[in-house]
Amino acid sequence: MNRIVASAVLSLLVACSGSSTPAATPAPSPELTPAPEPTPAPAAIDPAKLGSPCDQGACPAPATCVSYYGIAGPRGPQFSSCEITCADDKGGCPGGTTCVTIADGPGAVCRPGE
């Protein structure tokens, strides 16, 4: 009897290991990646507020608080104001403003256009 069981098991193994191809595994579905959030444009600043004193070191974006000495240099008081600095080539100012240089002040900064 054991010989019959062994023969049956062997027959099943041979039949199962035939040349049939294994079932294809379905490809995993691609994961959806959410689109990146758009970068918000910098908030516009009222050009009239450019050059105003900083509020405890803070200014409305895109202006930053710039510290400088006046005509007396380091012997005089230190000043600070809300500014948008611009390049020496007079570029980089938002619409409605132009780049000017204030020699005894913050340097090259944007001011309301004329």
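Screening region 73-92 for residues that are assigned to a loop (DSSP other than H, G, I, E, B) and at pLDDT 90 or above and picking the one that is surrounded by the fewest Cβ atoms within 10 Å (Cβ to Cβ) gives Pro77.
Each residue in region 54-72 was checked for being touching an Asp or Glu at 6+ places or on another chain (Cβ under 9 Å) and in a strand (DSSP E or B), and 5 of them qualify. Can you pull out the residues in region 46-62 that are among the charged types (D, E, K, R) and surrounded by fewer than 13 Cβ atoms within 10 Å (Cβ to Cβ)? Answer for region 46-62, where residues must be among the charged types (D, E, K, R) and surrounded by fewer than 13 Cβ atoms within 10 Å (Cβ to Cβ): Asp46, Asp55.
Hey, among the residues in region 34-67 that are modelled with pLDDT of 85 or more and among the aliphatic types (A, V, I, L, M), which one's farthest from Thr98 (Cα to Cα)? Restricting to residues being modelled with pLDDT of 85 or more and among the aliphatic types (A, V, I, L, M), the top hit is Ala58. Residue by residue through region 93-113, note down the ones that are in a loop (DSSP other than H, G, I, E, B) and surrounded by 16 or more Cβ atoms within 10 Å (Cβ to Cβ). Once the filter is applied, which keeps residues that are in a loop (DSSP other than H, G, I, E, B) and surrounded by 16 or more Cβ atoms within 10 Å (Cβ to Cβ), region 93-113 yields Cys93, Gly105, Pro106.
The values are calculated or read from the model by the stated rules, or taken from the named source; none is laboratory data. Everything quoted here is computed from the prediction, not taken from an experiment. Counting neighbours? That spans all protein chains shown, and the Cβs are built from the backbone with ideal geometry, glycine included.
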